[in-house]
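The values are calculated or read from the model by the stated rules, or taken from the named source; none is laboratory data. Just so it is clear, the model here is predicted, and its values are computed rather than measured. Here the Cβ positions follow ideal geometry from the backbone for every residue, glycine too, while neighbour counts run over all protein chains shown. Accessible surface is based on the protein model in full, side chains and every heavy atom, while ligands, DNA and RNA are left aside. Shrake-Rupley method; radii C 1.70, N 1.55, O 1.52, S 1.80 Å.
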Amino acid sequence: SPRIEPLFQRLPAILAYPAAPSMLWMIGALCALRLLAHLPSLLGLAFELMFWVMGFKLAVEALVNTAHGRIEPLGHSDLAATDGEAVQQMLLQLLVSLSILAVALWVGPVPALVLLGLAVLLMPAAIIMLAIDRSLPGALNPLAWGALIGRLGAGYFGAVAVLAGLVGVSMVAQLVFARLLPNDMGTLPGGFVALYALVAGYHLLGYLIYENHVALGLDVAPAEPRATLANPMEDEAVAQA
């Protein structure tokens with residue numbers, strides 16, 4: 001099998017992953033759709049929810065594809081992640097955020113900061129487990145986090161640092177755009193930065209799995225292209241016709 005390039009040697013390509021034309025137009029289209037979130041009442045909320053569900057579908061697909069050795073950027077025909085997988089990832093983020101907020105309100109800021117630090121350190125392990133195993137209770141198992149981190153080794157902590165940097169840049173950029181641009185127009189570039197960072201971060205985690213698939217005991221077969229139609233047999237039949 002071809003030599004797998006170490007994660008940090010490949011970091012520039014990983015960060016440039018969402019910049020591929022096949023992905024840029026999808027991210028741009030979702031950001032344009034997000035402008036409809038300013039519509040009144042529940043209609044605007046529905047478009048905001050749709051924006052994040054589709055964004056997390058892109059992210060999950062990037063993680064799972066990369067973890068199985070398909071590291072080239074995906075296109076719209078490759079998007080096979082389900083709404084349920086995206087919603088699970090959103091619920092994971094929501095549970096962690098609400099836990100930190102509850103500790104801040106009812107216990108104090110210092111314990112909340114400690115919990116935030118733990119979340120930054122352990123959340124990537126939970127995201128990986130949820131994307132691969134598709135089980136929210138399993139992704140919340142601290143024993144499984146420890147086992148996964150132990151097998152990934154020091155590379156895991158390097159990935160955590162890069163992810164923290166992506167999140168920080170995304171949050172600062174969204175605040176800057178919201179303040180500089182009038183009439184909520186900061187939503188468009190802010191949403192673009194948020195989705196770009198989200199997809200790049202999940203692709204990074206997928207590559208971390210791919211790089212360490214031997215230590216994780218994963219069988220990474222050569223990636224096969226997805227079926228254009230319902231399945232490969234239908235693709236072959238249509239081609240012959």
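The listed residues are 104, 112, and the only one of them that is small (Gly, Ala, Ser), open to solvent by 40 Å² or more (accessible area, probe 1.4 Å) and over 19 Å from residue 59 (Cα atoms) turns out to be 104. Quick check on this structure: which one of 207, 196, 156 is aromatic (Phe, Trp, Tyr), in contact with a Pro (Cβ under 9 Å, 6 or more places away or on another chain), modelled with pLDDT of 90 or more and more than 22 Å from residue 53 (Cβ to Cβ)? Of the residues listed, the single one that is aromatic (Phe, Trp, Tyr), in contact with a Pro (Cβ under 9 Å, 6 or more places away or on another chain), modelled with pLDDT of 90 or more and more than 22 Å from residue 53 (Cβ to Cβ) is 156. Residue 182 meets all of the listed conditions (1) free of Cβ contacts under 8 Å to residues at least 40 places away in the same chain; (2) in a helix (DSSP H, G or I); (3) open to solvent by 60 Å² or more (accessible area, probe 1.4 Å) but one, namely (2).
For the range 77-100, a residue qualifies if it is farther than 16 Å from residue 127 by Cα, open to solvent by 70 Å² or more (accessible area, probe 1.4 Å) and modelled with pLDDT of 90 or more, and exactly one does: 98.
I'd like the full set of residues that are open to solvent by 30 Å² or more (accessible area, probe 1.4 Å), small (Gly, Ala, Ser) and farther than 21 Å from residue 87 by Cα, limited to the range 134-154. Answer for the range 134-154, where residues must be open to solvent by 30 Å² or more (accessible area, probe 1.4 Å), small (Gly, Ala, Ser) and farther than 21 Å from residue 87 by Cα: 146, 147, 150, 154.
Hydrophobic (A, V, I, L, M, F, W, C), over 14 Å from the mean Cα position of the chain (by Cα) and either closer than 26 Å to residue 16 by Cα or open to solvent by 30 Å² or more (accessible area, probe 1.4 Å) (or both): does that describe residue 74? It is false that residue 74 is hydrophobic (A, V, I, L, M, F, W, C), over 14 Å from the mean Cα position of the chain (by Cα) and either closer than 26 Å to residue 16 by Cα or open to solvent by 30 Å² or more (accessible area, probe 1.4 Å) (or both). Only a single item in (1) open to solvent by less than 40 Å² (accessible area, probe 1.4 Å); (2) modelled with pLDDT under 90; (3) over 29 Å from residue 6 (Cβ atoms) is not met by residue 131, and it is number (3). Of the residues making up the range 37-55, one or more are open to solvent by 60 Å² or more (accessible area, probe 1.4 Å) and of a type in the set (Gly, Ala, Ser). Does at least one position in the range 168-183 carry a residue that is hydrophobic (A, V, I, L, M, F, W, C) and under 25 Å from residue 207 (Cα atoms)? Scanning the range 168-183, I find at least one residue that is hydrophobic (A, V, I, L, M, F, W, C) and under 25 Å from residue 207 (Cα atoms), so the answer is yes. Mind checking whether some residue in the range 116-127 is loosely packed, with under 15 Cβ neighbours inside 10 Å and at pLDDT below 90? There is no residue in the range 116-127 that is loosely packed, with under 15 Cβ neighbours inside 10 Å and at pLDDT below 90.
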